[in-house]
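Below is one structure, written out as structure tokens; the observations come after it.
The values are calculated or read from the model by the stated rules, or taken from the named source; none is laboratory data. Treat the numbers as computed from the prediction; the structure is a model and nothing was measured. Quick reminder, even Gly has a Cβ in these numbers, built from the backbone with ideal geometry, and neighbours come from all protein chains shown. Only protein heavy atoms, including side chains, enter the accessible area calculation; ligands, DNA and RNA are left aside. Shrake-Rupley method; radii C 1.70, N 1.55, O 1.52, S 1.80 Å.
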Amino acid sequence: MSLVVSYIPLVVLALLALGFAPLAWWMSRFLRPKKPTAWKQMTYECGSEPIGEANVQFRFQYYSFGIIFLIFDQIATFFLIWAVAFGAFSNSAILWGLVFMMLLFVGVAYALKREETIWI
Amino acid sequence: MGYDSILNWVTFDNPVNNAFYPFEVYNVPYDIGAKLWELIGGTLAWLINLLVPGNGVSTWLVSDAVVNALAIILMVIVIFAVGFIINLTMIWQERKVLGRGMDRRGTKIGPLGYFQCVGDGLKTFMKENVVPKDVDKKIYWWALALVIGTGVLAACMIPLSDRWFIMDFHAGILTIYALFALAPFFILGASWAQNNKYSMMAGFRAAELMISYEIPMLLLMTAVILQTGSFNINGIVNAQSEMWFMIPQFLGFITFFICAVAESERAPFDLAEAESELVEGWQTEYAGMKWGLIMLGDYFRGYICCGLIVLLYMGGWLLPGIGGTAVPELVFLAKIFVVFFFFILARLAIPRVRIDQILNAGWKVLMPLSLINLLLVVLMQTGGLI
């Protein structure tokens, strides 16, 4: 049994799962009414008329966390691979892994301590 | 083949004997699919053979290749249908428990109110399709289809037992988690495309929520994988046949539970929905059937969260001391419903957190806790305790 053959059920499942939402939505067109009006097509803002565009430059306040996250997500993925090979490691390999981890977390702790001044 | 009885066409062979059998071990959904096609295709072959004796189509319909192809399609439909029914049961469970918690009855239609969710689903089919004229059409539709699609796909990829699976990956848990973690990206896209101020705020909240819980969750998974040395779900479950990982890693279990509630975007971490602050959050401009599908997708994501907790910390389909039972699928589902009950209790009891609270909790509480858990596991593993 080849690797390609074992993936066939997954491919069929992916087609069904990804096609499920468009298909269900498409099927509902035979049942639902269609009476569009200008009021219905207006952007909803709790009853008041919308002022201006919503696609503006948005100031999201967790900027500093975003930068730390960007680096750390990759490091966490690296540690997943480190963990799966853990059983074959020598003591020094474990030690160096932990030292690397500790260095990174000291960095995060420092960044979070300074976070009040980076918070914009 | 000359006709003498229908048993020429409906034989109920052992599916493992099929020349194109795509698995290495016995698989229940494939067996169900193969037997269903034996019935349907066998009856068709019999009827065609009655009309036109001695034709090739009848033999082709029940040949190994056709049976395998149709068995795979029917198997996928069976797996999806079972996931769908689990999902409906979870919605029913949530509405019943929430109702009792608020001192009311919950759902009432059908036996024990089970059919109310089905009725609600049918109702959304008949709702008008309202699309505001200012939306970015392409992203509006594609983000919706993908946020539901990836959720459904990851949910169907969770094996119910070692004989009920779609594929036995070597990187199973990673693949499921990767598909699962894609959702905030699509939510951000959907919220931007709606051109609605509330939706946009909600989309940025979804991204912010992901920034807070993702790294603790990955570190906790690291600790589990360190203990098993495998990404394979079967490997992780079999490593827990003696002792559930929630006993040596109790700290990790509690932290993972909190992260999982956040990942499924349920109260108290439903910042991106927040119906009392942001109307309906990123779902504001999705009306009718689209909203119904989003709700369904939410529960599929809740099911994945419960599934991950059960697989990583609660021994999957094995029972401690007993090991495998006659119906491991039911053991797995029972555990999932128990975990989901605690999800509902959290929703019932705890008010929604603020965005800065979840950020600080994620980075300054959950991450140190997950790190301590990882160090404890490293110490226990090198010390030979587990």
request  = Could you tell me what percent of the accessible area of the range A:39-100 is made up of carbon and sulfur, with a 1.4 Å probe and every protein chain present?
outcome  = 65
task = Would you work out which of B:ALA361, A:TRP26, B:ALA274 lies farthest towards the positive end of the dipole of the protein assembly as shown, given +1 charges on the beta-carbon of Lys and Arg and -1 on that of Asp and Glu, about the Cα centre?
result = B:ALA274
task = Report the accessible area of B:GLU38, computed with a 1.4 Å probe over the heavy atoms of all protein chains in place, in Å² rounded to the nearest 10.
result = 20
request  = State to the nearest 20 debye the size of the charge dipole of the protein assembly as shown about its Cα centre, where the only charges are +1 on K and R beta carbons and -1 on D and E beta carbons.
outcome  = 1140
message = At 1.4 Å probe size, put A:MET101, B:MET295, B:MET201 in order of accessible surface, largest to smallest.
response = B:MET201, B:MET295, A:MET101
request  = Taking the Cα centre of the range B:127-382 as origin, sum charge times position over the Cβ atoms of Lys and Arg (+1) and Asp and Glu (-1), and report the length of that vector in debye to the nearest 20.
outcome  = 80
query = Taking each residue of B:125-131 in turn, how many C-beta atoms of other protein chains fall within 10 Å of its C-beta, and what is the average?
reply = 6
ask   = Among B:GLN194, B:MET314, B:GLY252, whose Cα lies farthest out toward the positive end of the dipole of chain B, if unit charges sit on the beta carbon of Lys, Arg (+1) and Asp, Glu (-1)?
value = B:GLN194
Chain B shape via C-alpha gyration tensor axes, a/c threshold 1.5 = oblate
ask   = Mind ordering B:251-258, B:320-327 by average Cβ neighbours within 10 Å, highest first?
value = B:251-258, B:320-327
request  = Report, in whole Å, the centroid distance computed from the Cα atoms of the range B:338-386 and the range B:203-244.
outcome  = 11
note = Carbon and sulfur atoms account, in whole percent of the 1.4 Å probe accessible area of chain B, for 70
C-alpha long axis of helix A:91-113 to longest principal axis of chain A, angle in ° = 50
inquiry  = Please list B:ASP134, B:ASP356, B:ASP103 from largest to smallest accessible area, probe radius 1.4 Å, with all protein chains kept in place.
reply    = B:ASP103, B:ASP134, B:ASP356
key: Nearest-10 value in Å² for the accessible area of B:TYR198, using the 1.4 Å probe   = 60
request  = Mind running the shape call on the range B:10-82? Use the C-alpha gyration tensor, a ≥ b ≥ c as the square roots of the eigenvalues: rounded below 1.5 for a/c, prolate if a/b tops b/c, oblate otherwise.
outcome  = prolate
message = Straight-line reach from B:LYS364: which lysines fall under 16 Å, measuring Cα to Cα and dropping same-chain residues less than 8 apart?
response = A:LYS113
key: When the convex hull of its Cα atoms is projected in every direction, mean area for the range A:2-41 (nm²)   = 4.0
task = For A:LYS34, go through the lysines and keep the ones whose alpha-carbon is under 20 Å away, minus same-chain ones fewer than eight residues off.
result = B:LYS123, B:LYS127, B:LYS133, B:LYS137, B:LYS290
inquiry  = Quick check for you: with a 1.4 Å probe and neighbouring chains kept, what is the accessible area per residue of the protein assembly as shown, in Å²?
reply    = 46
inquiry  = Need one value for A:48-59: mean number of C-beta atoms belonging to other chains within 10 Å of its residues' C-beta atoms.
reply    = 3
ask   = Just by accessible area at a 1.4 angstrom probe, what is the order of A:SER92, B:SER191 from largest to smallest?
value = A:SER92, B:SER191
ask   = Between the helical axis of B:116-125 and the dominant principal axis of chain B, each derived from Cα atoms, what acute angle in degrees is found, rounded to the nearest 10?
value = 90
inquiry  = How shielded is B:145-154 by partner chains, expressed as the average number of their Cβ atoms within 10 Å of its Cβ atoms?
reply    = 5
Convex hull of chain A built on C-alpha atoms - directionally averaged projected area, nm² = 16.2
key: Between B and A, accessible area buried - total, square angstrom, nearest 100, 1.4 angstrom probe   = 6300
task = Specify whether the C-alpha gyration tensor of the range A:60-113 places it in the rounded, prolate or oblate class, a ≥ b ≥ c being the square roots of the eigenvalues: rounded for a/c under 1.5, otherwise prolate if a/b is larger than b/c and oblate if not.
result = oblate
inquiry  = Given a 1.4 Å probe, show me the residues in the range B:289-317 buried by at least 30 Å² of accessible surface when comparing the whole protein assembly to the chain alone.
reply    = B:MET289, B:LEU293
query = Binning every alpha carbon pair distance of the range B:52-134 at 5 Å from zero, what are the percents per bin?
reply = 3, 11, 12, 12, 11, 10, 9, 9, 8, 7, 4, 2, 1, 0
key: For the protein assembly as shown, with +1 on Lys and Arg beta carbons and -1 on Asp and Glu, the positive-most of B:TRP142, B:PHE180, A:ALA93 along the dipole   = B:TRP142
remark   = The extension gain from B:LEU112 to B:LYS138, computed as 0.36 nm times the residue separation minus the Cα-Cα distance, is 5.2 nm
